[in-house]
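The values are calculated or read from the model by the stated rules, or taken from the named source; none is laboratory data. Predicted model, so just to flag it, every value in this text is computed and none were measured. Cβ placement follows ideal geometry from the backbone for every residue including glycine, while neighbour counts extend to all protein chains displayed. All accessible areas refer to the heavy atoms of the entire protein, side chains included, with ligands and DNA or RNA removed. Shrake-Rupley method; radii C 1.70, N 1.55, O 1.52, S 1.80 Å.
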Amino acid sequence: MKKTGHKILWIVRNAALALAAAVLVFFLVRGVGKAVNSRTPKGGINESMYIEVNGVKQWISIYGEDISNPVLLYLHGGPGSSTSAYDYAFTRKWADVYTVVTWDQRNCGKSYDKAQNATELTFDLMMSDGLAVTQYLLDYLEQDKITILGHSWGTYLGCNLVLAHPEYYDCYIGTGQMVDMDRNEAAFKEAAAGWVGDDEEGLELLEAITPEHLTAEYFPVRNLLMEKYGYGMMVDGTDYSLPSAVIFNPYYTLSDWFRFLTSDYGVYMDFLLSDEFDKFSLTGRTEYEVPYYNINGDRDYQTNYVLAQEYFDKVDAPYKKLYSMKDTTHGLLESKSGAFSEILHEIAGEQAQMW
């Protein structure tokens, strides 16, 4: 019995030592990776900070290889789907031609604060936030104008900002372009019916797709349909190491990760289902005073690429250009970040000639 007890203690002790060693190695490697990603490029900028936006703290990062480059503000999707956990891995691919600003919009990502869950999100509030961040960047980075790049919900917000305040922006770039929520979901059901055919499981899911009556339960079913038939946002994975991007994130602490994983984004679902969200619709609003670019995947039904193309055709702008990425769904920023970066470089070159 004593020998057995000693053996068990030996196993437990060595397992604990092995675990402690693994944890130590993990944090050492993570520390080195964070240190590398925290470096400031010579002649460039690498900063992150909380700024006050309409009475609450919101987080931004600023990264660029040449401080004289034009400034690009990236608007993440959702609403409420911050990408700060990993987005530096793809936004820094643009940093040789842009000074890139990422922003965790109010009450999500590193800007999350459960005390704000009682604050109703409205069209005016989100627009006011976007305008305040814009004006802060113009002042802080000593710019006359900035470029906006929006993804998904970020295109809704971005287009409305550019339409309302063209004096602050030199260019609009939309990817996963949203045009109108009601039309988007009706178009989704029509497309999904073609994928499903006579598949009984798919037909059962399709019955729960009610674009005329959106609920919190609607969106998981919609996502299941996209995943089942090969149109999911991340169906192609990523063209970079997502685990490495997360582990070596220079901006996230352990407390940030805990907050990220335990956040309650119910306020954003309420916003998505509200009449306030419908106010962002771009239907009939096509007059832009700045160059208008779209980069969309030709398999994107989360924000329907056909509607985006139809809207693009109606847009009246000083200059406009549409890019269609082949065999690409809604997750183009992650799945094809290299190809996307090449397009941004082309846009930056065109804009440099216009300026």
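What number of residues within the stretch 235-257 satisfy the criterion of being over 25 Å from residue 299 (Cβ atoms) and within 17 Å of the chain's Cα centre (by Cα)?
Of the residues in the stretch 235-257, 4 are over 25 Å from residue 299 (Cβ atoms) and within 17 Å of the chain's Cα centre (by Cα).
Does any residue in the stretch 38-58 that is at negative phi and of a type outside the set (Ser, Thr, Tyr) come within less than 6 Å, Cβ to Cβ, of a residue that is surrounded by 13 or more Cβ atoms within 10 Å (Cβ to Cβ) and assigned to a strand (DSSP E or B) six or more places away or on a different chain, and which pairs are these?
Pairs found: 44/64; 45/62; 45/64; 46/63; 47/62; 57/50.
Take the conditions at pLDDT 95 or above and open to solvent by 10 Å² or more (accessible area, probe 1.4 Å) and apply them to residue 152. Does it pass? Please lay out each step first, then the result.
Working: at pLDDT 95 or above: yes; open to solvent by 10 Å² or more (accessible area, probe 1.4 Å): yes.
Taking the combined requirement at face value, the residue satisfies it.
Being among the aromatic types (Phe, Trp, Tyr), at negative phi and surrounded by 14 or more Cβ atoms within 10 Å (Cβ to Cβ) is true for just one of 248, 258. Which residue is that? Spell out the reasoning first.
Working: 258 fails: surrounded by 14 or more Cβ atoms within 10 Å (Cβ to Cβ).
Step by step, each of 248, 258 is checked, and only 248 is among the aromatic types (Phe, Trp, Tyr), at negative phi and surrounded by 14 or more Cβ atoms within 10 Å (Cβ to Cβ).
Tally time: how many residues in the stretch 57-85 are open to solvent by 20 Å² or more (accessible area, probe 1.4 Å) and over 26 Å from residue 270 (Cα atoms)? First the steps, then the outcome.
Step one: list which residues in the stretch 57-85 are open to solvent by 20 Å² or more (accessible area, probe 1.4 Å), which gives 57, 63, 65-70, 78, 81.
Checking which are over 26 Å from residue 270 (Cα atoms) leaves us with 63, 65-70.
Going through the stretch 57-85 one residue at a time, the tally reaches 7.
So which residues in the stretch 89-142 are of a type in the set (Lys, Arg), open to solvent by less than 30 Å² (accessible area, probe 1.4 Å) and either part of a loop (DSSP other than H, G, I, E, B) or without any contact (Cβ under 8 Å) to a residue 40 or more places away in the chain (or both), if there are any at all? Lay out the reasoning, then the answer.
To start, the set of residues in the stretch 89-142 that are of a type in the set (Lys, Arg) comprises 92-93, 106, 110, 114.
If we keep only those that are open to solvent by less than 30 Å² (accessible area, probe 1.4 Å) too, we end up with 106, 110.
Answer for the stretch 89-142, where residues must be of a type in the set (Lys, Arg), open to solvent by less than 30 Å² (accessible area, probe 1.4 Å) and either part of a loop (DSSP other than H, G, I, E, B) or without any contact (Cβ under 8 Å) to a residue 40 or more places away in the chain (or both): just 106.
Of the residues 282, 272, which single one is touching a helix residue (DSSP H, G or I) at 6+ places or on another chain (Cβ under 7 Å) and under 25 Å from residue 165 (Cβ atoms)? Walk me through how you get there before you give the answer.
Numbers: 272 fails: touching a helix residue (DSSP H, G or I) at 6+ places or on another chain (Cβ under 7 Å).
Being touching a helix residue (DSSP H, G or I) at 6+ places or on another chain (Cβ under 7 Å) and under 25 Å from residue 165 (Cβ atoms) holds for just one of 282, 272, which is 282.
Restricting to the stretch 230-245, name every residue that is in a loop (DSSP other than H, G, I, E, B), of a type in the set (Gly, Ala, Ser) and surrounded by 15 or more Cβ atoms within 10 Å (Cβ to Cβ).
So the first thing to find is which residues in the stretch 230-245 are in a loop (DSSP other than H, G, I, E, B), and the list is 230-241.
The next check asks that each one be of a type in the set (Gly, Ala, Ser); those that pass are 230, 232, 237, 241.
Hit for the stretch 230-245 is 232, nothing else.
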